[in-house]
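First up is the structure itself, then whatever we jot down about it.
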Amino acid sequence: MLFSLSPRAARRLYIFASLFLLLDFYAIYTRYGPHHHSNGLLYSLNGRIPSDCPAMPLLSEIVLVLKTGVTEAHDKLPIHRNTTLRCIPNYIVWSDFSEEIADIPVHDVLFNESLTLQQLPDFKLYTKVQTHGRDALTPTDLSDEISTPFGKSNPGWKLDKWKFIPMIEHTYAQNPDAKWYIFMEADTYIMWPNMLSWLSKLDATKPWYLGNQMQIRNVIFAHGGSGFVLSKPAMEAATRLLSEKRAYWDSITREEWAGDCVLGILLKEAGISLTWTWPMLQLAPPKELDNFASNYGRTPWCYPAVSFHHLKPREIRELNWLDRLWSIEGAPLLYRDVFWQLVRPKMTEEPAKNWDNQAGEEKKIVRSLEECRQLCEEDTHCLQYAMKIDGMCAIGRDARLGEKRKGFTSGWILDRIDATANTLGSCTTPKWILK
């Protein structure tokens with residue numbers, strides 16, 4: 001069901017959706033023509049913007065930088081070919097290994113790092129693949145882990161922190177004339193109409209550092225996975241500082257465990273403060289978000305959705321579908337819309353077996369799911385419940401979709417969820433973060 005649209009507009013959107021799905025299916029089995037260099041290492045997928053891309057003039061003034069790694073690129077990068085990168089005239093993909101994946105050129109960002117750095121334990125993976133190629137990767141190298149407050153411990157993640165500083169240097173050296181530099185990772189998706197509408201409201205001649213705020217000790221920095229944005233003056237200041245004492249910044253990187261934190265330290269020393277952009281830039285996918293709650297004095301509901309992180313390829317495809325669908329009407333895609341279109345329709349009347357909706361408040365061990373539901377109904381603010389594999393009943397005063405999890409059963413109190421959503425309203429005026 002489409003909300004807040006006239007019947008005529010809804011029909012137009014559904015027609016477009018059908019056509020898009022057919023075109024998207026076709027694109028999977030076909031390939032565009034050969035690549036063309038647009039400026040040094042910067043590329044577009046076929047040298048021009050496809051005719052069905054929405055008109056977004058600011059695109060010519062941005063450079064998209066996608067960071068990935070040899071251990072994940074084959075799994076995570078191909079989906080971006082016909083989604084994220086399709087309408088972008090200037091982009092570059094940095095990794096720790098040069099190759100081509102799904103017609104996307106991938107470049108080694110560590111190619112001129114010192115031999116001293118390459119002898120560090122963090123660089124074992126790098127030296128191995130440079131010497132023996134991708135076939136040298138082991139199951140341990142390729143294994144993924146759940147993120148913790150202190151990151152991960154696999155070889156690819158340990159190497160990743162070393163990419164941030166050279167990524168800034170090499171990107172700016174390749175194209176020093178862009179107004180905006182947008183950085184993302186391979187499991188991130190950017191809603192381009194919203195991103196460009198947002199940037200058009202900001203003064204690109206000022207040193208902007210836009211990102212989802214994170215903190216380690218006293219360092220406030222932009223979370224890399226949520227995506228972050230630097231204006232040209234910010235890039236200039238950062239690269240100038242790097243050129244003056246690069247060895248110092250290598251020593252900072254060695255001491256820190258997160259490369260995005262190092263970048264935050266660099267920009268702070270350059271005199272550039274982070275502009276906090278939550279909830280527009282998100283570190284989670286839609287299925288994990290609580291669109292009703294407030295953080296930092298902001299409720300996501302009426303804010304434009306600009307990025308999501310920790311996405312699977314199918315989730316990127318789904319967001320791309322919604323993004324293109326919404327661009328027909330020209331209105332910003334808000335978190336309200338993401339909730340109604342992608343989250344709420346998947347919340348079922350009947351409890352979902354082998355599903356964890358991330359209800360977080362554990363109550364007690366129960367004998368049945370019905371008893372768990374009753375515990376939720378007794379709390380007038382409870383919107384969802386879940387019975388865990390050990391019989392523990394958890395309730396939630398938020399409305400999250402969640403994901404598959406063996407042994408869990410989840411349910412939602414849909415009338416309460418709908419009533420809460422309707423209370424939040426229709427958002428006649430989008431809330432942009434502009435300072």
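The values are calculated or read from the model by the stated rules, or taken from the named source; none is laboratory data. Small disclaimer: the values here were computed from a predicted structure and weren't measured. Methodologically, a virtual Cβ is constructed for each residue, glycine included, from the backbone with ideal geometry; neighbour enumeration extends over all protein chains shown. The accessibility values were calculated without ligands, DNA or RNA, using every heavy atom of the protein model including side chains. Shrake-Rupley method; radii C 1.70, N 1.55, O 1.52, S 1.80 Å.
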Output the residues belonging to region 90-114 that are outside any strand (DSSP E or B) and either open to solvent by 30 Å² or more (accessible area, probe 1.4 Å) or under 16 Å from Asp187 (Cα atoms) (or both).
Phe97, Ser98, Ala102, Phe111, Asn112, Ser114
Please work out which residue is farthest from Tyr209 (Cα to Cα), limiting yourself to region 231-283 and to residues that are in contact (Cβ under 8 Å) with a residue 60 or more places away in the chain and assigned to a strand (DSSP E or B).
Leu281
Lys431 - would you say it is closer than 30 Å to Leu274 by Cα, under 27 Å from the mean Cα position of the chain (by Cα) and crowded, with 16+ Cβ neighbours inside 10 Å?
yes
Which of (1) within 30 Å of Arg86 (Cα to Cα); (2) modelled with pLDDT of 95 or more; (3) open to solvent by less than 20 Å² (accessible area, probe 1.4 Å); (4) not acidic (Asp, Glu) does Leu383 not meet, given it meets every other one?
(1)
When you go through (1) over 30 Å from Thr275 (Cα atoms); (2) free of Cβ contacts under 8 Å to residues at least 40 places away in the same chain; (3) out of contact with any Asp or Glu (no Cβ under 9 Å at 6 or more places or on another chain) one by one for Thr423, which number turns out not to apply?
(1)
Whichever residue in region 297-318 is assigned to a loop (DSSP other than H, G, I, E, B) and in contact (Cβ under 8 Å) with a residue 60 or more places away in the chain and, among such residues, is nearest to Leu383 (Cα to Cα):
Thr299
Is it the case that some residue within region 211-219 is of a type in the set (D, E, K, R), more than 18 Å from the chain's Cα centre (by Cα) and under 27 Å from Met56 (Cβ atoms)?
no
Of the numbered conditions (1) at negative phi; (2) modelled with pLDDT under 95, Lys67 fails exactly one; give the number of that condition.
(2)
If you go through region 77-103 one residue at a time, how many are under 21 Å from Arg324 (Cα atoms) and of a type outside the set (Ser, Thr, Tyr)?
12
Taking the residues in region 65-86 that are open to solvent by less than 20 Å² (accessible area, probe 1.4 Å) and farther than 22 Å from Ser143 by Cα as candidates, determine which candidate is nearest to the chain's Cα centre (by Cα).
Thr84
Failed condition for Ser307, given (1) open to solvent by less than 10 Å² (accessible area, probe 1.4 Å); (2) touching an Asp or Glu at 6+ places or on another chain (Cβ under 9 Å); (3) farther than 21 Å from Thr428 by Cα
(2)
If I filter region 408-428 down to residues being in contact with a Lys or Arg (Cβ under 7 Å, 6 or more places away or on another chain) and within 13 Å of Asp356 (Cβ to Cβ), which single residue comes out as surrounded by the most Cβ atoms within 10 Å (Cβ to Cβ)?
Gly411
Can you list residue pairs whose Cβ atoms sit under 6 Å apart, with the first residue in region 97-117 being at positive phi and in contact (Cβ under 8 Å) with a residue 24 or more places away in the chain and the second being outside any strand (DSSP E or B) and open to solvent by less than 40 Å² (accessible area, probe 1.4 Å)? Count only pairs 6 or more apart in sequence or on different chains.
Ala102/Arg81
